[in-house]
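Here the structure comes first, spelled out in structure tokens, and everything after it is commentary.
A short reminder: the numbers here are calculations on the coordinates, not readings from a lab. In this text, all values refer to a predicted model and were calculated from it rather than measured experimentally. Neighbour counts are summed over all protein chains in view; Cβ atoms, including those assigned to glycine, are modelled from backbone coordinates with ideal geometry.
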Amino acid sequence: MKKYVFLLVALIVLGILGAGVWLASFTKDREEAITPQSLSSWVENQEDTIFEVREDAFYVQEAIGSTGLVLNYPEELKGNFTLRFQMLSLTKKAAIRFVFGTGKNIYGVEMKISAEKNKLRLLKNKVAVLEKDGPLIKPDVYYSFELSKNGSELSLKVNEEEAINMQISDSPLNFSVELQGYPDNPAAVEIRDMEIIQK
């Protein structure tokens with residue numbers, strides 16, 4: 001009789017452990033490293049964009065005379081997520097925009113790459129709804145960017161300091177990075193260490 005009780009207890013313990021392992025694997029965050037090679041597929045207009053896959057970074061530059069360049073993440077970001085990367089500007093002055101949303105709700109966060117004081121603008125459907133002092137983003141320095149969504153709250157951090165926090169609709173989002181320099185000084189950046197964690 002004791003043998004059967006012991007066997008029953010062992011089966012229950014094994015069942016609990018198995019359920020714990022299954023639950024951990026089921027709820028585990030999905031991490032995706034975005035390689036420099038895969039970033040080349042994000043380039044929207046490859047004919048008017050100069051880009052190069054380097055060993056540990058992705059170099060991209062708008063063509064002279066273009067109206068900017070766009071990098072589109074090819075999938076929708078669903079649920080809660082964190083997108084991180086580092087970017088270095090090889091241009092003294094340029095505009096950088098992070099654009100996200102779907103349908104009638106397209107948001108954009110616009111900042112300047114400049115050694116001078118920076119302004120940040122929040123756009124909704126290309127109309128400015130907020131302007132505030134923004135983080136200083138100097139050329140020739142790597143800066144870390146983190147875009148994260150938790151429920152309807154979305155935040156952008158630059159070098160771990162929050163640049164903006166806002167409420168958005170809780171739906172799948174398209175995401176892109178837009179860069180625009182000047183006619184005689186086209187925007188050029190390097191991007192490295194990009195990852196997306198979907199929760």
Legend entry - Counted charge near Gly134, where neighbours are those whose Cβ lies closer than 10 Å (Asp, Glu -1; Lys, Arg +1): +2
Legend entry - Sorted by Cβ density within 10 Å, fewest first, the residues Lys149, Lys104: Lys104, Lys149
Legend entry - Rounded to whole Å, sorted largest first: equivalent-ellipsoid semi-axes of the chain, Cα gyration tensor: 42, 19, 15
Inset, instruction - Give Lys78/Lys126; Lys132/Lys199; Lys78/Lys104; Lys93/Lys119; Lys117/Lys138 a once-over and call out the pairs whose C-alpha atoms are over 21 Å from each other. - result: Lys78/Lys126; Lys132/Lys199
Inset, instruction - Quick one: net charge around Asn125, please, counting Lys, Arg +1 and Asp, Glu -1 for every other residue with C-beta under 14 Å from its C-beta. - result: +4
Inset, instruction - Have a look at Thr91, Thr102, Thr82 and tell me which one the Gaussian network model of the chain (Cα, springs below 10 Å) gives the largest fluctuation. - result: Thr102
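In debye to the nearest 20, how big a dipole does the chain give about its Cα centre with +1 on each Lys and Arg Cβ and -1 on each Asp and Glu Cβ?
Using only the charged Cβ atoms, the result is roughly 880 debye.
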Legend entry - Karplus 3J(HN,Hα) series, Hz, for the range 176-193 with 6.51 cos²θ - 1.76 cosθ + 1.60 (x for Gly, Pro): 8, 10, 10, 10, 9, x, 10, x, 9, 8, x, 5, 8, 9, 10, 10, 9, 6
Legend entry - Helix axis angle, 2-27 relative to the chain longest principal axis, alpha carbon, degrees: 10
Inset, instruction - Please list, in chain and number order, the residues 5+ apart from Ile113 or on another chain whose amide H is under 5 Å from its amide H, with Hs placed from the backbone. - result: Ala94, Ala95, Ile96
Legend entry - Built amide H within the under 5 Å cut-off of Asn45, gap 5+: Val70
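Can you bin the range 138-187 into rounded, prolate or oblate? Criterion: square roots of the alpha carbon gyration tensor eigenvalues sorted a ≥ b ≥ c, rounded for a/c under 1.5, prolate for a/b above b/c, oblate for the rest.
It is oblate, given that a/c is not under 1.5 and a/b is not larger than b/c.
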